[in-house]
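Structure first, commentary second.
The values are calculated or read from the model by the stated rules, or taken from the named source; none is laboratory data. No experiment lies behind these values; they were computed from the predicted model shown. Backbone-built Cβ (ideal geometry, glycine too); neighbour counts: all protein chains shown. Accessible surface areas use protein heavy atoms only, side chains included; no ligands, DNA or RNA. Shrake-Rupley method; radii C 1.70, N 1.55, O 1.52, S 1.80 Å.
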Amino acid sequence: MSKPYKLIGEDVYKNRTEKINSELFTLTYGSVVAQLCRDYNNDYKKVNEQLESMGYNIGIRLIEEFLAKTNFGRCINFKETAEIISKVGFKMFLNTTPTVDNFSADGKQFNLILEDNPLAEFVELPDDNKAVKELWYSNVLVGVLKGALQMVQLDVDVSFVKDILRGDPSTEIKLRLNKILKDEIPAGED
Amino acid sequence: MKVLSLYLLNKSGGLIYQRDFNPESNGINKLSSNDYLITAGTLHSIHAIVAGLTPPVLYPIQENQTGNQNQTGLFQVETEKFNLFIYQTLTGLKIISIVQKGVSQETATRFMANVHSIYSDYVMKNPFYTLDMPIKCQLFSNKVLLLSEAS
Amino acid sequence: MPLEYDLLADNTINKSCLEYLLIETASISHEATVQVCDNENVRDHEQATASAEGNLTEEIGYNIGLKLVDYLLYLQKGKNGTGTPKFDQVVNIMKFVCKNVWESLFGRQIDNLRTNHRGTYVLVDRSFTMISRLDSPLGVQDTLNQTRKHYLWYPCGIIRGLLESLDIDSTVQAEVTEFPSVSFHIQTSK
């Protein structure tokens, strides 16, 4: 029986969050990325790392808000995790619902396809040939997912595989479960 | 409903927040900070031991919707004068509330869920706060006080 | 089939996203300024970082402000169908900032606008949302100090960028004496 995650996500977003215009967020994020590129002298690898690190710091805090507002318990399997991330997590914060795709046979890996990415609306990467090959513009999302999942004892490798800004047909993030941090699971859950 | 005291523990059992509400009128004595730390650590350990003791036969079958992940660990302590409830989140944060007798489990759980909400709002969004450290945010304290009076 | 783009569709996201992003931005501005100092071989790190940090966040705000006016004017037009606000006098621009800009960015209007009619304007927001969660463990005085050092540059930059896009040169400084009330002092050439 699959739960109505989509409805839960929409309900939480509609009734339990304060909303602002996404454009302001897009502009702010754009400014931050641009500033980082300038300060690191267009060393895009460093910019990617910095964005991921920012995302990680955000993710470890954001998870509490997610849990407080949704009251979700532990997922039975990684597939459930995928559903909740896409239909509730993303909806609740970014008001968008990516599609879960390419679920691996061993149940440990999947891709998220973002049809619309509020971070990158109307953005064009700089025209030097480097950015298109090396910069992952929305890399902060990678850090957020990694940090948030770590706090619920899931060690997951997260990375971008495709980005529309780079000329790819879609924007995709790959999530691979390394292991469940069994030692860190708090006592008292069944 | 009358809540008497609130304790917040991080995932390692360290005390990060403690507060008594209306201590004079409720007749609560102030302990030394060391005593509070020991109390917190003890509760954390007992909670874990109880989780280990619970036979699998008693594991709950139904999904609970309250957000309290505390299924098999120490959940409730009843004495003549007060009740103590433990609420745990997926991230290992424990919220322990000591309430007057007569306060139902649902009310206490709702109170603790609200504390969790305030925590995620005022502590997580405070850039000066480092995870797992003692909470010294005045804003958080004020909100918790308002919540305790409202309940 | 005509391409319809509805700019007034539900382009909202959770306010928490921006809050977390700004917290991280203030954090990394320190690291990035150290990087900039390294890049430019600045000797006196301490001194330089203190002032450079503010510049970084202010730059980010400035870039946002530059682009904000057009977007807000479009939003306004669409919503009430009335004409564009009058931008003939600086005082009217300030009113626009107080009402429309502040409302769409921060969800509330400026509480008080004062001017000496000679190029100086003071805008007071008695409950500035962007600093409402700040609470230093070292007490109120430290909260105020930290707020001044790191967290007020962003709105100052926004105001400065916005005025610049309307052809007004200005310097903007913010002062906070009673938390969370912030007053912005704008010095313009006109």
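Odds and ends about this structure:
- Comparing A:N102, A:N71, A:N139 in a Gaussian network model of chain A where C-alpha atoms under 10 Å apart are linked, the largest mean-square fluctuation is found at A:N71.
- Over 24 Å between alpha carbons, listed pairs A:K6/A:K108; A:K14/B:K136; A:K182/B:K94: A:K14/B:K136
- By the compact-protein rule of thumb, 2.2 N^0.38 Å, the alpha-carbon radius of gyration of chain A corresponds to a ratio of 1.04.
- Cα gyration tensor category, rounded, prolate or oblate, for the range A:16-82 with a/c compared to 1.5: oblate
- All-pairs Cα distance distribution in the range C:58-188, expressed in whole percent, bin size 5 Å: 2, 10, 20, 24, 19, 13, 7, 3, 1, 0, 0
- For B:K101, the lysines whose Cα falls under 20 Å of its own Cα, not counting residues fewer than eight places away in the same chain, are B:K2, B:K81.
- Top of B:K125, B:K136, B:K94 by mean-square fluctuation, Gaussian network on chain B, Cα under 10 Å: B:K125
- Nearest-20 debye value, chain A charge dipole, Cβ charges on Lys, Arg, Asp, Glu: 320 debye
- Volume of the convex hull of the range A:42-138 (Cα atoms only), normalised per residue: 121 Å³.
- Extent of the range B:3-150 along its three principal axes (Cα atoms, max minus min coordinate, largest first): 44, 37, 30 Å.
- C-alpha long axis of helix A:44-70 to longest principal axis of chain A, angle in °: 30 degrees
- Cα centroid separation - the range A:76-91 against the range B:34-93, whole Å: 27 Å
- Comparing B:F111, B:I98, B:L139 along the charge dipole axis of the range B:3-150, the residue lying farthest to the positive side is B:L139, per the Cβ-charge model.
- Three-way shape call for the range B:109-151 based on the alpha-carbon gyration tensor, with the a/c threshold at 1.5: prolate
- The A-C contact accounts for approximately 3400 Å² of buried accessible area, totalled over both chains at a 1.4 Å probe radius.
- Unit charges on C-beta of K, R, D, E only; dipole of the range B:29-117, Debye: 180 debye
- Solvent-accessible area per residue for chain B (1.4 angstrom probe, square angstrom): 48 Å²
- Candidate lysines for bridging to A:K46, where Cα separation is under 25 Å - those fewer than 8 sequence places away on the same chain excluded: A:K130, A:K133, A:K146, A:K162, A:K174
- Within the shell defined by Cβ-Cβ distances under 11 Å, the residues around B:N114 carry a net charge of +1, with Lys and Arg each +1 and Asp and Glu each -1.
- Both numbers refer to the Cα atoms of the protein assembly as shown; Rg and Dmax are 24.9, 80 Å.
- Assigned charges on the beta-carbon of Lys, Arg, Asp, Glu; the protein assembly as shown dipole about Cα centre (debye): 1140 debye
- Highest GNM mean-square fluctuation among A:I58, A:I85, A:I20, for chain A modelled with Cα contacts below 10 Å: A:I20.
- For the range B:68-83, the Karplus equation 6.51 cos²θ - 1.76 cosθ + 1.60, evaluated at θ = phi - 60°, returns couplings of 7, 8, 7, 9, 10, x, 4, 10, 8, 10, 10, 10, 5, 9, 8, 10 Hz by residue, with Gly and Pro reported as x.
- Counted charge near C:G161, where neighbours are those whose Cβ lies closer than 11 Å (Asp, Glu -1; Lys, Arg +1): -1
- Hits among lysines - C-alpha to C-alpha of C:K95 under 28 Å, sequence gap 8 or more where chains match: A:K19, C:K15, C:K67, C:K77, C:K79, C:K86, C:K149, C:K190
- Whole-number D in µm² s⁻¹ for the range A:133-190, Kirkwood Cα-pair radius fed into Stokes-Einstein, 25 °C, 0.890 mPa s: 191 µm²/s
- Exposure ranking of C:W153, C:W102 by accessible area [1.4 Å probe, largest first]: C:W153, C:W102
- Prolate/oblate/rounded label for the range B:1-69 (Cα gyration tensor, a/c 1.5): prolate
- Here the Karplus relation 6.51 cos²θ - 1.76 cosθ + 1.60, evaluated at θ = phi - 60°, turns the backbone of the range B:126-135 into coupling constants of 8, x, 7, 8, 9, 4, 6, 8, x, 8 Hz, with x for every Gly and Pro.
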